[in-house]
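Just below is one structure, and these are the notes that go with it.
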Amino acid sequence: MAGHGPLRTLDERLGRTVAGGGFPSSSAHFLADLGNTAVALPVLLLVMVWAGWRGGQGWRRGSREAVDDEVRGRWWLPPLAAGAVLAAVPALVVPLKLWLARPGPPRMPGGAHDGFYPSGHAATAAVAYGVAALLVLRGPAGREEHRRGRRAAVAGVIVAELGVGVGLVRCGYHWPLDVLGSWCLAGVLLAAWCAVCGRWGPGTDGGRRTEPGTGSGRTAECGAAVPDDDGRPARCRT
């Protein structure tokens, strides 16, 4: 266990090495601050507003085209679920810190005290920027500029998460395993977001993707029976 197990000695040795390394202190503090709620929350809110606006536009277009409004009407679910997973971070991190009572680095103001595993800053950054990227990834991907934008979003999140982790350890705010534990927790929350949106999000019908124009989750509409090559009527797929 990170708090009192055999990894603790190795973890603290690595943490002291990073904290005493040559990474610029000013850059480390800037990167660590990216995990503050005051920074990560506005970023996510902007992406949520953009995703909600884009989803509402798609729903209105679908209404005009007589597409199933009940299915497309859940455009609000991805941004709403994004806010929910970020709100779950403190609800999970605070009890875990109290339960594990992992001592922090001695360089913390006031000396080392308990309650540092997992890192709240690292978890906030991983969830906020990660789910923001997932909202962007749900956007259109047909054109090359869209594909480049999606790849840039993923790369930017990875770089930001690594930077936050290094900054927290370099500044002496957390041990490396505090950050790693937060990434694991964030992975669970992001997977939950994907599962919820994949099951009930726009464009789904009870877990089945709805084809454009079908409106009820069917793979094709049945029209008049058309004979196939051997003269027998072809059956419709439903």
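The numbers here are math on the coordinates, done by the rules we state, and not lab data. Note that the structure is a prediction, hence the values are computed from the model and not measured. Every residue, glycine among them, receives a Cβ derived from its backbone with ideal geometry; neighbour counts consider all protein chains shown.
What ranking do 115-127, 35-47, 175-187, 148-160 get when scored by the average of other Cβ atoms within 10 Å per residue, highest first? Display every interim value, and only then the final one.
Numbers: 115-127: 26.4, 35-47: 16.6, 175-187: 22.7, 148-160: 14.7.
Ranking the peptides 115-127, 35-47, 175-187, 148-160 by packing returns 115-127, 175-187, 35-47, 148-160.
Converting phi to 3J(HN,Hα) with the Karplus coefficients 6.51, -1.76 and 1.60 and the offset θ = phi - 60°, the stretch 185-199 yields 4, 4, x, 5, 5, 5, 5, 5, 4, 4, 5, 5, 5, x, 8 Hz in sequence order, with x at every glycine or proline.
When both the stretch 75-109 and the stretch 18-33 are represented by their alpha-carbon centers, they are found 23 Å apart. Scanning residues 5 or more positions from R102 or on other chains, those with amide H under 5 Å from its amide H are G115, F116, Y117, with H placed 1.01 Å from N in the peptide plane.
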